[in-house]
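The values are calculated or read from the model by the stated rules, or taken from the named source; none is laboratory data. Keep in mind that what you see is a predicted model, and the values were worked out from it rather than measured. With ideal geometry, Cβ positions are generated from the backbone for all residues, glycine too; neighbour counts draw on all protein chains shown.
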There are 2 protein chains.
Amino acid sequence: MLLMNPKSRPPTIADVARHAEVSIATVSRVLNGTTPVQREKTDRVRLAMDELQFVPRHAARVLASKRTNTIGLVLSEISGAFFPPMLKGIEAGAHEAGYDLLIHSTKKEGPSRRPLGEHNTDGLLIFTDSLDHRDLHRLHNMNFPIVLLHQTPPDSLNLPVVTVENKDGAAMLVNHLIEVHGRHQIVFLRGPEGHEDSVWRERGYCEALEAHNIPFKPELIATGLFDEDEAFASIQKILLDGNPFDAVFAGDDDSAIGAMRAIKTTGRLIPGDVAVVGFDDVPFARYLSPALTTVRAPIEEVGREAVRQLARLMNGEQAQALTLMRTELVIRESCGCTSLSTNVPEEMGR
Amino acid sequence: MLLMNPKSRPPTIADVARHAEVSIATVSRVLNGTTPVQREKTDRVRLAMDELQFVPRHAARVLASKRTNTIGLVLSEISGAFFPPMLKGIEAGAHEAGYDLLIHSTKKEGPSRRPLGEHNTDGLLIFTDSLDHRDLHRLHNMNFPIVLLHQTPPDSLNLPVVTVENKDGAAMLVNHLIEVHGRHQIVFLRGPEGHEDSVWRERGYCEALEAHNIPFKPELIATGLFDEDEAFASIQKILLDGNPFDAVFAGDDDSAIGAMRAIKTTGRLIPGDVAVVGFDDVPFARYLSPALTTVRAPIEEVGREAVRQLARLMNGEQAQALTLMRTELVIRESCGCTSLSTNVPEEMGR
DNA sequence: ATACTTTTTGAAAGCGCTTTCAGAAAACGT
DNA sequence: ACGTTTTCTGAAAGCGCTTTCAAAAAGTAT
């Protein structure tokens, strides 16, 4: 193993050039493949790079080329069952496209008002409302590549969006409750104020009701905040108020757990007395008893697709204004269906 | 709102200097607070920066200062219940310390053998064995700040490590099984080959047996790969082989699910006939029936602490060679204890 | 006032790479 | 062989910022 002089600084492109007896420009060219270089020289350069263990200084390339080769993910908080698969998809997408991923949390901005990395990235993925409208406008005005995740653009800004078919998924779910199980008094638990996914799910809920001529009852709408305890409390309140219901669409799976707990507490049976369904299909949904009927969103694909759209933007191409990833009904037991393989994941037999 | 000439490129420090009628150096100084600057000039500069919406070019600072203000997280794959909280901790730690986070996946290296970001980060967090020993040696030799996560250094390299007390946690768990529930035939399900966490958990398992003079039986050791289906198969095999056992320490929670399924399939009762315990305390552990007794590792804290150690290294200070985060026994039902509040999370009453 | 500190400031030299630009070399045509 | 076109190549000019360095300004002590 080649030991390098401990005092010496890491090799630069100039060292490589000297070592390979070519010009700096030539080294740069074999590094980037921008211009053909004679075979023999290419080899010499490659060899030199290996021997010197040369690693190009990212900052220098960025400064000179104005391309960072990095995409930024802006988000307000890392949490929820939702986040990991999305990140996984984004990471995979970035990797595929040859970009690095810079994570920028906007939650309670640190000591130094560190500026958003516009110049430090080639494009930005913005999750939900992690960035305020002012910044969004500014970036949009300067024509900076941006893709929104799970958030439609404010003020009719023309920014591409990637999200899931919340409305259709919710409608499928509620239709199932109505058509297959004959439920008509369906509670809906809203997510956090302003949460777009929740808004669309509610819309799907309403459409399903309408489609079956079931009147919308405001007293069956409550707030679950996509949170277990909040949902628990909300369902308890509805029970206390004496509003009858035979099903709960909990808004998301976390809320569904809370709802189930609240219902069980009263001695009611799930799904006999009350059907409970969620949304998201988080990993533990199948382990609940009864196993939770819900809607699966291809979250990982959302992340991957968002990167793809962003890549198009960064290449100067047009991106799709709205990408809606299809959702899928996951029937288990909590709706009243009977699963043959209780608590057994589908993949079991593989 | 100040509209800028659309043709104009983003403002540079020179523009700010001109605008504020000071030198470039002065602008840099108020930007970094490196040297005191007259109050009045400071104000002028600040104003100019605001008006021009100046955002310093990251690359330029890095190139000039040799500090990237970024730490890199190197990992081979984003997955597992394990990952999200760890990332959350790391992100939080990085944010606190004023660093950005660059995620670098080494899984199936992309098209261009993109070099690891040594020069693009001030320090690296290396998760499990996402980086091969050669690179590790090289980085170590050049005295580059590195902290290992859940992996002790190979070849007695002197690199700081942050991980959890797997051995103690496992021992506590097995002790509980033995002392409280009188189990003596305890199956252990190993994790993936070479997985350090698994090795230590097994060691804890062995120590607990020894401490109670229970002979170690090789036929009670099997492989669960920290995977539900694999664990299912392994337990089935042990059952088929007719090796009697009255408890399963599943290695991790995922395996525990598989183990529970396999045991239930035979009609045996949990925990009556067989106690099952896991490790990790993933979110759904409490929702299983019976609720899973397991060990909670402060994963998020691991991430945060790792960043802290790395920060010390980057500041030229010494880091702690080994940081073991304490684990905690989480007693639920699957070990044979009876929980008063079945399936009800502790926080319920808040 | 004068000499000597101490505090602020600006000029200018890089940081390591990409990218014109124009010249050199090679390839081609006749 | 010579003029042209096509390929390759090197010199040099930045990219936007930090950081000496030394001079200028302001403050203190004599």
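Some points to look at:
- Filtered residues of region A:240-253 (kept if part of a helix (DSSP H, G or I) and closer than 25 Å to A:Arg296 by Cβ): A:Asp253
- Criterion violated by A:Arg67 - all others in (1) assigned to a helix (DSSP H, G or I); (2) more than 9 Å from chain B (Cβ to nearest Cβ); (3) surrounded by fewer than 18 Cβ atoms within 10 Å (Cβ to Cβ) satisfied: (1)
- Top-ranked residue in region B:177-222 [being surrounded by fewer than 19 Cβ atoms within 10 Å (Cβ to Cβ) and in contact with a Leu (Cβ under 7 Å, 6 or more places away or on another chain); ranked as nearest to B:Thr152 (Cα to Cα)]: B:Pro192
- Residue in region B:320-338 that is free of Cβ contacts under 8 Å to residues at least 12 places away in the same chain, more than 14 Å from chain A (Cβ to nearest Cβ) and not in a helix (DSSP H, G or I) present: yes
- Hey, B:Gly89 at pLDDT 85 or above and either assigned to a loop (DSSP other than H, G, I, E, B) or not polar (S, T, N, Q) (or both) or not: yes
- Flag for A:Val55 being crowded, with 20+ Cβ neighbours inside 10 Å and either in contact with an Asp or Glu (Cβ under 9 Å, 6 or more places away or on another chain) or on the phi < 0 side of the Ramachandran plot (or both): no
One line per residue, one yes/no per condition, for (1) modelled with pLDDT of 90 or more; (2) among the charged types (D, E, K, R); (3) within 16 Å of DNA strand D (Cβ to nearest atom); (4) in a helix (DSSP H, G or I):
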site	(1), (2), (3), (4)
B:Ala60	yes, no, yes, yes
B:Val74	no, no, no, no
B:Ile78	no, no, no, no
B:Pro85	no, no, no, yes
B:Leu101	no, no, no, no
B:Lys107	no, yes, no, no
B:Gly110	no, no, no, no
B:Pro115	no, no, no, no
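- Some residue of region A:44-56 being within 16 Å of DNA strand D (Cβ to nearest atom), of a type in the set (A, V, I, L, M, F, W, C), within 7 Å of chain B (Cβ to nearest Cβ) and more than 19 Å from A:Leu148 (Cα to Cα): no
- Which numbered condition A:Leu225 fails, given (1) closer than 16 Å to A:His150 by Cα; (2) free of Cβ contacts under 8 Å to residues at least 60 places away in the same chain; (3) crowded, with 20+ Cβ neighbours inside 10 Å: (1)
Residue-by-condition table, conditions (1) in a strand (DSSP E or B); (2) over 24 Å from B:Ser289 (Cα atoms); (3) touching a helix residue (DSSP H, G or I) at 6+ places or on another chain (Cβ under 9 Å):
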residue: A:Ala222; (1), (2), (3): yes, yes, yes
residue: A:Leu225; (1), (2), (3): no, yes, yes
residue: A:Phe232; (1), (2), (3): no, no, yes
residue: A:Ile238; (1), (2), (3): no, yes, yes
residue: A:Ser255; (1), (2), (3): no, no, yes
residue: A:Lys264; (1), (2), (3): no, no, no
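- In summary, A:Thr26 fulfils each of the numbered conditions (1) polar (S, T, N, Q); (2) in a helix (DSSP H, G or I); (3) within 7 Å of DNA strand C (Cβ to nearest atom) with the single exception of condition (3).
- The residue that is surrounded by the fewest Cβ atoms within 10 Å (Cβ to Cβ), among those in region A:260-298 that are more than 13 Å from every other protein chain (Cβ to nearest Cβ) and of a type in the set (Gly, Ala, Ser), is A:Gly267.
- Selection within region B:137-158 - surrounded by fewer than 20 Cβ atoms within 10 Å (Cβ to Cβ) and in a loop (DSSP other than H, G, I, E, B): B:Met142, B:Asn143, B:Phe144, B:Thr152, B:Pro153, B:Leu157, B:Asn158
- Some residue of region A:185-208 being in a loop (DSSP other than H, G, I, E, B), in contact (Cβ under 8 Å) with a residue 60 or more places away in the chain and of a type in the set (S, T, N, Q): yes
- Each residue in region B:119-136 was checked for being in a helix (DSSP H, G or I) and surrounded by fewer than 19 Cβ atoms within 10 Å (Cβ to Cβ), and 4 of them qualify.
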